[in-house]
Amino acid sequence: MNPQIRGLHVASAIFGLISVAQLMRVVIRPEILVAGHVVPLWPSVPAFIIMAGLSLWMWRLARMRTD
């Protein structure tokens, strides 16, 4: 396997794990405090969308055939 393809698969997996973590944060709704302030949940929704999109993009790039 080409090292570039392997790198794309690894990047896709990492972005996928981050997107699942963001989705779980929205579903479980934990209270997160930073310096005594509650971190809102709404930033997790666009983070999930962006990370899932990057994961799919990297996976598709890895599957493209080069002639």
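None of the figures in this text is laboratory data; all of them are computed from the coordinates on show. Since the model is a prediction, treat every value here as computed from it, not as a measurement. Neighbour counts are summed over all protein chains in view; Cβ atoms, including those assigned to glycine, are modelled from backbone coordinates with ideal geometry.
Couple of notes before you dig in:
Per-residue answers, yes or no, for (1) acidic (D, E); (2) over 13 Å from the mean Cα position of the chain (by Cα); (3) exposed (fewer than 11 other Cβ atoms within 10 Å of the Cβ):
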position	(1), (2), (3)
A11	no, no, no
I28	no, yes, yes
E31	yes, yes, yes
V34	no, yes, yes
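- Selection status of L54, over 8 Å from the mean Cα position of the chain (by Cα), surrounded by 14 or more Cβ atoms within 10 Å (Cβ to Cβ) and assigned to a helix (DSSP H, G or I): no
- Single match in P40, P46 (criterion: in a loop (DSSP other than H, G, I, E, B), loosely packed, with under 13 Cβ neighbours inside 10 Å and out of contact with any Lys or Arg (no Cβ under 8 Å at 6 or more places or on another chain)): P40
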